[in-house]
1. Determine how large the accessible area of Leu102 is when every protein chain is in place; take a 1.4 Å probe and give Å² rounded to the nearest 10.
2. Taking θ = phi - 60°, what integer Hz values does the Karplus form 6.51 cos²θ - 1.76 cosθ + 1.60 yield along the stretch 80-89, in sequence order, with x for Gly and Pro?
Amino acid sequence: MLDAAGLQRVGGPKAIAEWALLSLASAGLVACFWSANRSIRVLGYTFHALLLSVAFGVAGVLGVMHAFGGPAGNLAAPTWALVALSLVAAVCAAGLLATAALIVEDVRAGEEEE
């Protein structure tokens, strides 16, 4: 971890192994974007869109939950929080629709090639 005190080692061997595995998975996903095979590229784009949609959903839920003081706080939601949660849900739905559009495009392109 890099903070104001400088570079410090955080976590044990398990944390380092998790970090290395996530780094390899990220590099593999990015490598898919430059693949010569169209199917692999679209698969990479699809996986990336799904990850983003899940990330938006989790971030939205955590943000709203923390706005109410965390799990032990008051969960009587004000209007602004419900609007924010609805907006985050709409972003998730748009990400999923974009993923579906990529898959349909890939299937149509595959049918045209045959």
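1. My reading of the accessible area for Leu102 is about 50 Å².
2. For the stretch 80-89, the Karplus curve yields 4, 5, 5, 5, 5, 5, 5, 5, 5, 5 Hz.
The values are calculated or read from the model by the stated rules, or taken from the named source; none is laboratory data. The structure presented is a predicted model; accordingly, all values stated were derived computationally and were not measured. With ligands, DNA and RNA removed, areas are computed over all heavy atoms of the protein, side chains included. Shrake-Rupley method; radii C 1.70, N 1.55, O 1.52, S 1.80 Å.
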